[in-house]
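This report refers to the structure that appears directly beneath it.
The values are calculated or read from the model by the stated rules, or taken from the named source; none is laboratory data. Predicted, not measured: the structure shown is a model, and the values here were computed from it. Backbone-built Cβ (ideal geometry, glycine too); neighbour counts: all protein chains shown. When the accessible area is computed, the model is the full protein with side chains, heavy atoms only, and any ligands, DNA or RNA have been set aside. Shrake-Rupley method; radii C 1.70, N 1.55, O 1.52, S 1.80 Å.
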Amino acid sequence: MNISERLGIKFYKEQVEQFLIDKGKQTEEALHQYLGQLQCPGPGLIEAMEYSLFAGGKRLRPALVLGSAEIFEGDIPKVMPSACAIEMIHTYSLIHDDLPALDNDDFRRGKPTLHKVYGEAVALLAGDGLLTLAFELLASTGNADVVAEVARSAGVNGMVGGQYLDIRAEGQKITIETLQEIHRKKTGALICASLRCGALLSNASSEGLYAITEYGKHLGLAFQIVDDILNVTGDEKTLGKPVGSDKEHNKSTYPAILGLAQAQELALEQTHKAIRALDCLGEKAEIFRQLAIYMLSRNR
Ligand code: FPP
Ligand code: MG
């Protein structure tokens, strides 16, 4: 039985692909515009930021911001700065994650990692530049709740803290609960914040905000479980990064703790919960139900 049969929902893959292409294009136009406005302090730094920002990411997080705004009938130009800001934060995190002090990876998205091309010092600063520019853009929304939301999700109680727990857990035996906490913070928090920013900037009702938050929590977890699974079963060329690196680094992952089949079951269960969370939003949330299935069946 395939995934969509098990979830009891018909899956329209092309619809999601088109959604991601459209949102990705809009985001990239805006990203070019924001980067183009920067005063260059000398050759190299902005090019380095652009190298990673336009390296072929899926643009999932901005698509979540924009899609959420559409569900809550918000205004796209109003949410675009936050969509781009979150993509910049995501990009900075990948640049720093690949550095020799952390994962020491040579390839990402099928291209040499930033420090391999520009050196470690420039990679560090390009990441810092993206992170600070992100907060300048968030401030431009004039909504302090949105700035705080993203700060919390990216900081010590979110992505940075999750990354810290993750490196501390290398080579250790950890429980599934600890692994869940790591993933919730490291990956889930920014995914959830993306959805919440779109909703907050579109004046969603508290019921709507609750529903989209629940969707985000389950989607974020499913996303990271699939990421772990792809590190075992994926194709290096399609993924654009090394396969098997988690095992090599002795990382605690869902497949390592539960085994592949149970990890796959858990990803399906989380996807199901994500889809159920959207019940009260009706038809207008259909693209997010489809997106959850797409994310579960992705190969990169
Ligand atoms: C892949 O996203 C990325 C993740 C699954 C998140 C991993 C989290 C970190 C590396 C946190 C690092 C944090 C710090 C502070 C260094 P994706 O599949 O959406 O990537 P894409 O943009 O390439 O498509
Ligand atoms: Mg890594």
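What to note about this one:
- Whichever residue in segment 205-242 is among the β-branched types (V, I, T) and free of Cβ contacts under 8 Å to residues at least 40 places away in the same chain and, among such residues, is surrounded by the fewest Cβ atoms within 10 Å (Cβ to Cβ): T233
- Failed item, numbered, when K186 is tested on (1) open to solvent by less than 10 Å² (accessible area, probe 1.4 Å); (2) within 13 Å of ligand 1 (Cβ to nearest atom): (1)
- Number of the condition not met by L258 [criteria: (1) more than 21 Å from the chain's Cα centre (by Cα); (2) modelled with pLDDT of 95 or more; (3) crowded, with 17+ Cβ neighbours inside 10 Å]: (2)
- Condition check for H96: of a type outside the set (V, I, T), within 16 Å of ligand 2 (Cβ to nearest atom), at pLDDT 95 or above and closer than 26 Å to Q290 by Cβ: no
- Scanning segment 50-88 for residues that are among the charged types (D, E, K, R) and either more than 16 Å from F135 (Cβ to Cβ) or not in a helix (DSSP H, G or I) (or both) turns up E50, K58, R59, E70, E73, D75, K78.
- When E181 is tested against (1) over 19 Å from M88 (Cα atoms); (2) buried (at least 19 other Cβ atoms within 10 Å of the Cβ); (3) under 17 Å from the mean Cα position of the chain (by Cα), only condition (2) is not met.
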